[in-house]
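So the structure is just underneath, and the comments pick up after that.
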Amino acid sequence: MGKMVKNSIKDTQRATVFIVLALFLTLFVMVNAQQWILAAVIYIVIAGVSLLLYSQWKNIGVPSEPRGIDHNWIQDAFVGILLGIGVIVLGKFIPGVGVIGIPNVQSIAGTFGRAIILLVAAPIFETVLIQGFGLSFFYEKLRLNFMTSNIFQAFIFSIFHFTAYSGSLTGSSGSFITAGIMALIFGFLVKYQNSLIGAISMHFVLNLYIAYIKLNVLFF
């Protein structure tokens, strides 16, 4: 039991490091741009909420340990990357698969700033809040079965992408349905790896593909 608690603390610490680093990079992007960037503001708020939840999670409802990043993070990340590539390949045969929507970065000058928002902030902050705390809330706090919990978090993920990014149910910039399907896969990764890094890595690969290949908004 003591070892499990110790591992959980380390998992949380690793996740906190990821969040803090991504937060500083996101703040740098907004300060450097010298303007309000909606995506950056959203992610800064999510980062603050996530750090607060990590500190208070045990005191909310049924006692449980928050999801973090475990010691097998390199292996877990590799699995996430492979799954992301697999989804992209599948999308060549089934149009729309893997299209989850990305933040609007057109107003950000410079490749570095756009890359931080699309490839660092979005995968980390969205995964931590929705597949991390969201899934854990339904599954561990409310004691719903896993499939129901996973569907609920996937719906939240789809709503978030629909309202924040795409503004439409379909289209090259995002799909309500395919975003939900990808979130279901993220949820399964979090459940069976007991870690967030696989879902973060898969999310990273999908964002990279959408931004660079489909929409060409990363490098210009």
Residues satisfying the stated conditions in the range 70-81, i.e. among the polar types (S, T, N, Q) and assigned to a helix (DSSP H, G or I): Gln75
Residue that is farthest from the chain's Cα centre (by Cα) [pool: residues in the range 63-117 that are free of Cβ contacts under 8 Å to residues at least 24 places away in the same chain and closer than 19 Å to Val128 by Cα]: Pro63
Residue within the range 48-69 that is farther than 19 Å from Val190 by Cβ, touching a His at 6+ places or on another chain (Cβ under 7 Å) and not in a helix (DSSP H, G or I) present: no
Check on Ser158, touching a helix residue (DSSP H, G or I) at 6+ places or on another chain (Cβ under 6 Å), surrounded by 23 or more Cβ atoms within 10 Å (Cβ to Cβ), modelled with pLDDT of 85 or more and part of a helix (DSSP H, G or I): yes
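Let's see how each residue does on (1) buried (at least 18 other Cβ atoms within 10 Å of the Cβ); (2) at pLDDT below 95; (3) not in a helix (DSSP H, G or I):
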| site | (1), (2), (3) |
| --- | --- |
| Gly132 | yes, no, no |
| Phe137 | yes, no, no |
| Met147 | no, no, no |
| Tyr165 | yes, yes, no |
| Ser173 | yes, yes, yes |
| Ala179 | yes, yes, no |
| Gly198 | yes, no, no |
| Met202 | yes, no, no |
| Tyr209 | yes, yes, no |
Answer residue from the range 86-110, given it is in a helix (DSSP H, G or I) and among the β-branched types (Val, Ile, Thr) and is surrounded by the fewest Cβ atoms within 10 Å (Cβ to Cβ) among those: Val89
So Ile60, is it at pLDDT below 90 and either surrounded by 13 or more Cβ atoms within 10 Å (Cβ to Cβ) or among the aliphatic types (A, V, I, L, M) (or both): no
Residue that is surrounded by the most Cβ atoms within 10 Å (Cβ to Cβ), among those in the range 30-56 that are over 23 Å from Gln13 (Cα atoms) and free of Cβ contacts under 8 Å to residues at least 60 places away in the same chain: Met30
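The values are calculated or read from the model by the stated rules, or taken from the named source; none is laboratory data. In this text the structure is predicted, and so the values were computed from the model without any measurement. With ideal geometry, Cβ positions are generated from the backbone for all residues, glycine too; neighbour counts draw on all protein chains shown.
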